[in-house]
1. For region B:141-290, treating each Cα as an identical point scatterer without solvent, what Debye log10 I(q)/I(0) comes out at q = 0.10, 0.15, 0.19 1/Å?
2. Note down, for chain B, the three equivalent ellipsoid semi-axes (square root of 5 times each alpha carbon gyration tensor eigenvalue), biggest first, whole angstrom.
3. Between 0 and 90 degrees, rounded to the nearest ten: what's the tilt of helix A:152-164 against the longest Cα principal axis of chain A?
4. Over every pair of different alpha-carbon atoms in region B:126-222, take the mean of 1/r and invert it; report that Kirkwood radius in Å.
5. When DSSP beta bridges are limited to those with both residues in chain A, what percentage is antiparallel, rounded to the nearest 5?
6. Can you tell me how region B:13-90 classifies by the Cα gyration tensor, rounded, prolate or oblate, using a/c under 1.5 as the rounded cut?
7. Write down the radius of gyration of region B:222-290 and its Dmax, each obtained from C-alpha positions, in Å.
8. Can you pull the mean other chain C-beta count within 10 Å for peptide A:13-23?
């Protein structure tokens, strides 16, 4: 059986103009997507996880027909994104630009009615559907006010309602909780889960680990335009089962950090220096029982002062760190040129 | 190929009723939006009057009591006030159409709603048709009210010629204007800059249309260039009908034939160019990039 979304070796490159002071304008090729292949099964909640610039939004734009890929193929609900654009569009409900994409001089209800018409939802059905969505998302207090008077969270909720207006079998959500406060984000995630349980296939992009862990059946971790890991959240964590994450806090000179990196028992070392010179180290170690003592020895030998040591449960962030050597906070937009997906020790 | 399940609404070929629904929804949304900008229509009505007042007053200052006679020797009518009022009202129709449709694309791009439109299965030609109907309503209301207000202020009778024929020419002239707006929209999508192009076009268009003088004043080459621009022919024909003058082509049916040819060719060209540009943009940076 093949998936409801199928992507085969999809690539997308852009010509980008680089303007540096005192230099002539240079044309640079940016590879936003590189040979991406995966499938999403019907009824799944599939997460795309990665830092800014990893290629998540480019991939979504190709799947929603907003961008034509440079090479490769993709099918959504059985329709080719290259040749059957209108059928692809009718098969998906999208929330791509956060609170953008609404007419500010129209009310929330008028916006939903307008976009419902663009999806060919009959007028009678549209009215009922808007009322249902207003109930579901608690829009009643503000749906009849013009959007210009809304808070960011209210705009996001109406934009989310817009993605549901055509009752499509596939829901594509690009960082839908990005400007929401914590309770509203929780509420939205709960609704996404309910919609998934009701049969909708969900493609959800985020850079928040806990969202992906909470919602997604399977997750693809993206970096530098490619998929670097794919599986259920448990499978991804299990891929590091022989490894443990050791967090150390204290004062660590560069030589001490380098000494830890050089140990063959460590697979990844990420250091973050905080205010006052305190450093925290996240060290991925193999199943070797002596690893911890070797790390401590390497640090103390090089003048480090260790204040805290603790081991922690593997998270998706650790999977990302293990694969790339970086944390998800890193913006990779500047490094998506010719190089492949990064990896190894940082 | 991926598995095919039931789609959302809009899967399959939409009925004419559904497509008409798209046009209606866009038209109503645009009308609601403009109704929430107080005074926009009032501005539309007074602008051509102010625009016509400048050459009329200049004409009186230069020609004095003989202004009408001098004007009649060169144009065939002494009613220079109505002549210029018709020109500025027609120019206003052309300018507002170009602005509303051309700048609409840019504005939608900036607010993020253009991507939302491209995400929907509705054919963009119907969305564009809705915007065109809105532009038509707005320009016709502005044309009518500006002509009436201007006639009252300048003390002229707009009904002295054949107003029904003039409206006919206006109706046919709006079809190539729609095509021209699509061409203009494609240009704005491509170069991602609306204001300066529109500002430049406004002055070029007003000059080429000959809104304050007959086309015969142009040298032959410029006459040929001006006549390639459909609103020039529309303006010439409308003015001829309302002031009982001959058209540039000699008879009204020759002008009608030229306008019908424009009405057939220009929208096809405009649509082709718009479709080509939007596909080109999707192949490059995407419609949302601005």
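We did not get these values from a lab; they are worked out from the coordinates using the rules stated. This is a predicted model, so every value here is computed, not measured. Glycine gets a Cβ as well: all are built from the backbone with ideal geometry, and neighbour counts include every protein chain shown.
1. Result of the Debye calculation: -0.43, -0.87, -1.20.
2. 39, 19, 18
3. Rounded to the nearest ten degrees, it is 60.
4. 16.0 Å
5. 70 percent
6. Oblate shape, in that a/c is at least 1.5 and b/c is the bigger or equal ratio.
7. 17.5, 53
8. Whole-number average of other-chain Cβ neighbours for A:13-23 is 1.
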